[in-house]
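Report on the structure given below.
Just so you know, all these numbers are worked out from the coordinates, no wet-lab data involved. Computed from a prediction, not measured in an experiment: that's the story for all the values here. Counting neighbours? That spans all protein chains shown, and the Cβs are built from the backbone with ideal geometry, glycine included.
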Amino acid sequence: MGTAGAGKSTMTSAFQSWMFGQGYDAVTVNLDPGAINLPYSPDVDIRDWVRLEEVMDEYSLGPNGAQVTSSDLMYLYIEDIRQSLEGFRTDYFLVDTPGQIELFAYRDTSNDMIRSISIGGSAAVYLFEPHLASTPAGMVSQLALASSVKYRLGMPFIQVLNKADMLKPEVRERIMRWANPEVLYAELTSNGGSMNNELGVGLFRALECTGEAVRLIPCSAATMEGIEDIYSAVQALFMGGEDLDQE
């Protein structure tokens with residue numbers, strides 16, 4: 001999951017390809033009723049039950065209103081979706097969530113859906129948009145949003161700096177250094193006391209109170225960098241670092 005344009009669908013496709021290359025099976029699940037051109041063929045597709053354009057027509061809604069209505073309608077078909085998932089014998093389900101994360105992560109129906117379709121252990125992989133994370137204020141904003149989503153979902157959470165191949169080496173290195181809270185704080189306070197900086201420092205202090213270390217996994221669907229690291233992080237969460245085939 002992540003903000004619109006973070007690369008969720010492309011990463012879903014790349015992750016499935018990587019899993020196949022490792023000899024594991026992975027079933028893809030599309031939960032975006034407004035998806036048009038996906039880079040993979042979903043094995044389970046919410047559009048079989050709810051389509052954004054049909055909701056717009058039936059309820060005379062614009063795109064934004066239809067997104068809200070669709071997120072609620074999706075829950076009506078949760079048992080059908082769950083039965084579809086249970087029909088697969090697979091190692092992993094890769095769930096591609098809607099681009100409008102505020103609708104998906106902050107609505108009770110969506111949270112209930114996530115819990116209902118969680119078969120076995122489930123983790124959220126949150127994609128940071130690299131250009132938004134390339135300034136101290138942008139980085140703090142993304143960390144705040146990610147922390148808010150993590151709090152809402154209440155499940156294991158893996159943070160990924162996506163599209164890392166699109167960043168200049170020095171920008172990427174700077175972003176990765178901000179995983180150290182002291183470095184990020186120094187960057188926030190280095191440009192004086194503007195209102196934006198004060199807000200950034202306030203957000204930073206709020207995040208600091210959680211006591212959680214920031215860990216970002218640099219990743220790229222284009223180069224396949226970091227996908228194995230995400231897989232390893234999942235193994236560490238649920239299997240103590242042991243590989244799937246060592247069960």
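Once you keep just the Cα pairs under 8 angstrom separated by 6 or more residues, what percentage relative contact order results for the chain? Intermediate results must be reported in sequence, preceding the final value.
Numbers: 335 pairs, mean separation 49.6, N = 247.
After rounding, I find 20 percent.
Under 5 Å between amide H atoms, partner at least 5 residues away or on a different chain: which partners does Phe93 have, H built in plane at 1.01 Å?
Val27
Rounded to the nearest 0.05, what FRET efficiency do Leu237 and Val68 have when you use their Cβ-Cβ distance and R0 = 25 Å?
Values: r = 32 Å, r/R0 = 1.28.
Plugging the Cβ-Cβ distance into 1/(1 + (r/R0)^6) gives 0.20.
At 0.36 nm per residue, minus the direct Cα-Cα distance, what do Leu76 and Ala179 gain on full extension? Give it in nm, one decimal, please.
On the way: separation 103, 0.36 × 103 = 37.08 nm, distance 4.03 nm.
Stretched out fully, the Leu76 to Ala179 stretch lengthens by 33.0 nm.
Pairs of Cα atoms under 8 Å, at least six residues apart: use those to get the relative contact order of the stretch 54-173, whole percent.
Working: 89 pairs, mean separation 27.9, N = 120.
For the stretch 54-173, the relative contact order is 23 percent.
Quick one: angle between helix 136-153 and the longest Cα principal axis of the chain, in degrees between 0 and 90, rounded to 10, please.
40
What order do you get for Ser70, Ser17 when you list them from fewest to most C-beta neighbours inside 10 Å? If you can, show how the numbers build up before the last one.
Details: Ser70 24, Ser17 16.
Exposure proxy ranking, most exposed first: Ser17, Ser70.
How do Val214, Val55 line up, fewest other C-beta atoms within 10 Å first? Mind dumping the intermediate values first?
On the way: Val214 15, Val55 21.
Ranking Val214, Val55 by Cβ neighbours within 10 Å, fewest first, gives Val214, Val55.
Could you list Arg115, Arg215 in order of exposure, starting from the residue whose Cβ has the fewest other Cβ atoms within 10 Å?
Values: Arg115 13, Arg215 10.
Least crowded to most crowded, the residues run Arg215, Arg115.
In deg cm²/dmol, rounded to 500, what helix-only [θ] at 222 nm does the chain give when every DSSP H run of at least 4 residues adds -39500 (n - 2.57) and the total is split over its residues?
Details: 11 runs with 122 residues, N = 247.
-15000 deg cm²/dmol, from helical runs alone.
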